[in-house]
Amino acid sequence: MIYLEHLLEATGGSLRYPGKQTRFAAFSHDSRQLIPGELFVAVRGERSDGHNYILDATRRGAAGLLIEAAAFNALSSEVQSELEQASLATILVADTRLALQDYARAILQRWHPTVIAVTGSVGKTSTKEAIATVLASNFATFRSWQNYNDLLGLPLSLGKLEERHEYAVLELGCDHPGEIAALCRLVQPHIGVLTNVSPTLLQYFGSLENFAAELGTLFTSLADGSYAVFNQYDDLTRPLIDSTRRITFLPFAPSQAYNVKVSWEGVSCEIPPEAAGASKPLTLNSRLLGAHHVSTMLAAYTVARRCGLQPEEIQAALTQVTPLPGRLNPLPGVYGSQILDDTHNAQPASALAGLSALKALPAGLRIAILGDMHGLGSYEENAHRQLGQAAVRYVDYLITRGERAAISAEAARQAGLAPRHVIVTSSHEDAARAARSILETHQASANVSNVVWLKGSEEMRMERVAELLLAQPADAPEQLVRQTPGWKQIVVTRPERPTWLEIDLSAIASNTRKVKDVVGPKVRVLASLKADAYGHGALKVARTVLQNGASMLGVATVSEASPLREAGISAPILVFGYVPSWQMREALRLDLAVTLYASSSAQALSRAALALHKTARVHVKVDSGMGRLGIRSEQLDEIVGFVREIKELPGLELEGLYTHFAVADMLDLTLTRRQLSRFQQVLSALEEQGLRPPIVHACNSAATLSLPEAHFDMVRPGIAIYGLDPSPEVRLPEGFRAALSFKTQVSQVKWVPAGEGISYGYTYITERPTLVAILPVGYADGFRRAPTNWGSVLIHGQEAPILGRVCMDQCIVDVTHIPQTRMGDEVVLIGRQGEARLSAEQVAERLGTSNCEVVAEILARVPRVD
Ligand SMILES: *Cc1c(COP(=O)(O)O)cnc(C)c1O
């Protein structure tokens, strides 16, 4: 409960409008989640400014507003008068973040609960909850919400602190140096609890030692006479204990606990009399899963003893401690399985704890689904490798999602997990589908379930995979993490720069399945991935298409195949283009199928194969009327002779014969049919001689859709996989979806007077005072300058025309008609924004080219996120 007078006194704010209410149930900084009666605090964040949502909060029933004076003064008079009429208490301060901190400090002093601060690398939320649950059995106890554990979150949650609270159990987060000390200055803990120290979020600390020192400031920040609770057996914690301080150190000792039992009912252990502070040994149990929660129980036990609870009281209260969502939380899964949802976050220590919990629990099959672990700095690669190696001892199947987790998969294979039991995916759907198919084929027995454990960093949003595996998906909102409207919208993976591509892998997956449906089970699908998968990012696309019906990949050059092989993609890959003789060895080393149309290349490939003791797979290319690579189809004898030569050369295996259509994307198929019949003549000639190779193929996307008689043994779609129309005449059928969006953010907004030149060459002179927005995207990103440019982009769902020349890394657009435009606003260059849409096809029309060229030309320096 927040009292207006306390808030005004603590913050020194001024009451701009008095409201009807002088008491508020809580603070809210997200208007989407505001509950009527709460006080809305407008906070400037990295991604948005709460001041843009003041009216939204008002309309949703906020009873008060805490806003910055400067922002209030900048509001239009209509908005100001709407606020006045809404008659809610409107408090103006200089800085809302600082005001919240002032309030937090003041309210803790006013109600003076005993403050218990919990921090550490892993388990701080569980420990905070366990301590609070135990203390709540005897005392009025406040606990900070979920993981609202920083200088913004803690004060926000303290809006619910009340006079009656005797204890306040607060979690302190730590993601940059100095944060723990600042939090301690704010909350002045009487008891500090350090759960442990292990590598987490190291990128801002440089080393594990620096990070340990940061956590150690919890102890140095404690005032004389306070208590420090720590894990006696944590090697990185011990050096932090300074026994010259006038504080009492209270170690807890997990390794003194014995008879540790882990079951689906929870964890239990016994502790000796001296550890229990009792006359006899004591059994502790809680509903938490996993042996590492012995530490959680002991930390809570130690704190509760210090607060005066009796051993039996603590023992009874601990049984009420249950898992939180996303923290080794058991949930019913599909096909009678048990989901062990650990998706709240991940780093090496908690991942290992999760694995050992998985192993300790009774289970049929054990399946781990692992997403990338972020924030590990230079430990990243090793940490993933070690986790993969460790996983072999704990799981029957390992499914990974993301390119860091793929390192774990590779390590698990090397450490002996059967390759068929290691599945590498890029999308949520594919990870879930892989698990479902295992669960479906290995239905559990009546008395023991198959178990799926899910883990990954927050950014990976692994709860989406969990949702796809729940027996009752409708329960997801209560049972999983990050289910609020705000979270549902956020794309957490941050691109490396404010101009980026978003690749919708589920669109790629579903487009691939649609192609597969079109051609039927007997015809293979080779997905064309040249030019970094038409700009979409070849590796993720490769993993996704291979999980969804494609069985072969096509690239333009040998060099395009090498990153795929390095990342462990073992599917067959065909190089469409010219491979010079000197590159044949590399092609063989990478186990690529090579396109041949000349005897000299065939001989070079044969020599390389002999030298490396390998067999090279070969596809012969026929030019049936494209005028590009291949032997002309009218030269039948030459083709037959060439195929015979390949058959005879040592080290070569004739795998395929193909041609490519030039105009399959025209409505009139006459010329394509002529190409097809020429190709068929070649094929008949070869069949007569018994020389037909096993894989004959001809169709690109357009022909795959419009010319079923040309499917042969395999089709080679590209553009359709990406959800782009083959041509303005031949569009994709219903249900195909574009996978790529191209976005940036406004870097500046300003007025330019009339008569001023804009950009290089002054090709545009303003005709009136013009509100311009500068965008951090230019022709060196593939955002073309000449002969014509993009024309316009989308901001706030409206078209903003480009003014003057596009520069190398920047451009300028007109937003005079979109006055709400602010620095940081999202700009769509290709994709959707609200109801508005700017498709690659529209852009292609403006640039006078094809959609393919538009997307393939977006340069590598533009990061791809999914
Ligand atoms: C690019 C390419 C394809 C795919 O063409 P789309 O029109 O994108 O479907 C197929 N085969 C070859 C040889 C190609 O070069």
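Suppose we keep only residues that are open to solvent by less than 70 Å² (accessible area, probe 1.4 Å) and touching a residue at least 40 places away in the same chain (Cβ under 8 Å) within region 679-693. Which one would you say is nearest to PRO572 (Cα to Cα)? Applying the filter and picking the extreme gives PRO693.
Considering (1) of a type outside the set (D, E, K, R); (2) open to solvent by less than 20 Å² (accessible area, probe 1.4 Å); (3) away from the ligand (no atom under 15 Å from the Cβ), the lone condition that GLY641 does not fulfil carries the number (2).
Restricted to helices (runs of 4 or more DSSP H) entirely inside region 408-494, those with at least 1 residues that are under 18 Å from the mean Cα position of the chain (by Cα) are 428-441, 463-469, 485-489. Residue count for region 510-533 satisfying the condition of being under 19 Å from PRO572 (Cα atoms) and surrounded by 22 or more Cβ atoms within 10 Å (Cβ to Cβ): 8.
Of all residues in region 635-672, those satisfying the criterion of being more than 27 Å from ALA616 (Cβ to Cβ) and either in contact (Cβ under 8 Å) with a residue 24 or more places away in the chain or among the small types (Gly, Ala, Ser) (or both) are ALA662, ALA664, ASP665, MET666, LEU667, LEU669, LEU671, THR672. Contact map, region 694-713: residues that are closer than 14 Å to TYR658 by Cα and open to solvent by 10 Å² or more (accessible area, probe 1.4 Å) paired with residues that are within 9 Å of the ligand (Cβ to nearest atom) and part of a helix (DSSP H, G or I), Cβ distance under 8 Å, separation 6+ or inter-chain. Pairs shown: HIS711/THR704. The single condition among (1) within 14 Å of the ligand (Cβ to nearest atom); (2) without any contact (Cβ under 8 Å) to a residue 60 or more places away in the chain; (3) of a type outside the set (Asp, Glu) that ARG632 does not meet is (1).
For region 528-541, taking the residues that are among the hydrophobic types (A, V, I, L, M, F, W, C) and in a helix (DSSP H, G or I), the one that is farthest from the ligand (Cβ to nearest atom) is identified as LEU539. Residues in region 1-53 that are more than 25 Å from SER76 (Cα to Cα), among the small types (Gly, Ala, Ser) and touching a Lys or Arg at 6+ places or on another chain (Cβ under 7 Å): ALA26 alone. Residues of region 150-172 that are over 14 Å from PHE24 (Cβ atoms) and open to solvent by 30 Å² or more (accessible area, probe 1.4 Å): ASP150, LEU151, GLU163, ARG164, GLU166.
Within region 593-605, is even one residue within 16 Å of the ligand (Cβ to nearest atom) and out of contact with any Leu (no Cβ under 9 Å at 6 or more places or on another chain)? Within region 593-605 (the criterion being within 16 Å of the ligand (Cβ to nearest atom) and out of contact with any Leu (no Cβ under 9 Å at 6 or more places or on another chain)), the answer is no, since none of the residues qualifies. What residue, among those in region 110-135 that are in contact (Cβ under 8 Å) with a residue 60 or more places away in the chain and more than 30 Å from LEU376 (Cα to Cα), is nearest to the chain's Cα centre (by Cα)? Out of the qualifying residues, it is THR133.
Note on region 4-39: residues that are open to solvent by 30 Å² or more (accessible area, probe 1.4 Å) and more than 15 Å from GLY50 (Cβ to Cβ) total 15. Taken together, VAL197, VAL193 contain a single residue that is within 30 Å of TRP111 (Cβ to Cβ), buried (at least 18 other Cβ atoms within 10 Å of the Cβ) and either modelled with pLDDT under 90 or of a type in the set (A, V, I, L, M) (or both), which is VAL193.
What is the residue count in region 840-856 for residues that are within 15 Å of the ligand (Cβ to nearest atom), touching a residue at least 12 places away in the same chain (Cβ under 8 Å) and either part of a helix (DSSP H, G or I) or surrounded by fewer than 18 Cβ atoms within 10 Å (Cβ to Cβ) (or both)? The number of residues fulfilling the criteria is 7. Just one of the listed residues (ALA432, ALA415) is out of contact with any Phe, Trp or Tyr (no Cβ under 9 Å at 6 or more places or on another chain), crowded, with 23+ Cβ neighbours inside 10 Å and not aromatic (Phe, Trp, Tyr), namely ALA432.
Please enumerate the residues belonging to region 679-717 that are part of a loop (DSSP other than H, G, I, E, B) and within 15 Å of the ligand (Cβ to nearest atom). Within region 679-717, ASN700, LEU707, HIS711, PHE712, ASP713, ARG716, PRO717 meet the criteria. Tallying residues that are touching a Leu at 6+ places or on another chain (Cβ under 9 Å) and modelled with pLDDT of 95 or more within region 803-831 yields 14.
Apart from one condition, VAL465 fits all of (1) within 16 Å of the ligand (Cβ to nearest atom); (2) surrounded by 17 or more Cβ atoms within 10 Å (Cβ to Cβ); the exception is (1). VAL79 - would you say it is out of contact with any Pro (no Cβ under 8 Å at 6 or more places or on another chain), more than 22 Å from HIS165 (Cα to Cα) and surrounded by fewer than 17 Cβ atoms within 10 Å (Cβ to Cβ)? Yes; evaluated as a whole, the condition is true for this residue. Criterion applied to ASP825, ASP781, ASP809 was being open to solvent by 10 Å² or more (accessible area, probe 1.4 Å) and in contact with an Asp or Glu (Cβ under 8 Å, 6 or more places away or on another chain), and the one residue passing it is ASP809.
All of (1) within 16 Å of the ligand (Cβ to nearest atom); (2) open to solvent by 30 Å² or more (accessible area, probe 1.4 Å); (3) more than 23 Å from ILE631 (Cα to Cα); (4) modelled with pLDDT of 95 or more hold for GLN748 with one exception: (1). Considering region 1-109, the qualifying helices (runs of 4 or more DSSP H), each wholly inside and each with 2 or more residues that are under 30 Å from PRO495 (Cβ atoms), run over 54-59, 69-74. Of all residues in region 542-569, those satisfying the criterion of being open to solvent by less than 30 Å² (accessible area, probe 1.4 Å) and either charged (D, E, K, R) or part of a helix (DSSP H, G or I) (or both) are ALA542, ARG543, THR544, VAL545, VAL558, ALA561, SER562, LEU564. Of all the listed residues (SER437, SER408, SER427), the sole one being crowded, with 24+ Cβ neighbours inside 10 Å and modelled with pLDDT of 95 or more is SER408.
Okay, residues lined up against (1) open to solvent by 20 Å² or more (accessible area, probe 1.4 Å); (2) more than 14 Å from the ligand (Cβ to nearest atom); (3) among the basic types (Lys, Arg):
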{"position": "VAL575", "(1), (2), (3)": "no, no, no"}
{"position": "TRP582", "(1), (2), (3)": "yes, yes, no"}
{"position": "GLU586", "(1), (2), (3)": "yes, yes, no"}
{"position": "ARG589", "(1), (2), (3)": "yes, yes, yes"}
{"position": "VAL618", "(1), (2), (3)": "no, yes, no"}
{"position": "SER624", "(1), (2), (3)": "no, no, no"}
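Comparison of ASP242, ASP234 shows that the only residue that is over 35 Å from the mean Cα position of the chain (by Cα), at pLDDT below 90 and either buried (at least 17 other Cβ atoms within 10 Å of the Cβ) or not basic (Lys, Arg) (or both) is ASP242. If you take the residues of region 656-668 that are within 16 Å of the ligand (Cβ to nearest atom) and surrounded by fewer than 19 Cβ atoms within 10 Å (Cβ to Cβ), which of them is nearest to ARG585 (Cα to Cα)? Per the criteria, the residue is ALA662.
The values are calculated or read from the model by the stated rules, or taken from the named source; none is laboratory data. Quick caveat: nothing in here was measured; it's all calculated off a predicted structure. Quick reminder, even Gly has a Cβ in these numbers, built from the backbone with ideal geometry, and neighbours come from all protein chains shown. Accessible surface is based on the protein model in full, side chains and every heavy atom, while ligands, DNA and RNA are left aside. Shrake-Rupley method; radii C 1.70, N 1.55, O 1.52, S 1.80 Å.
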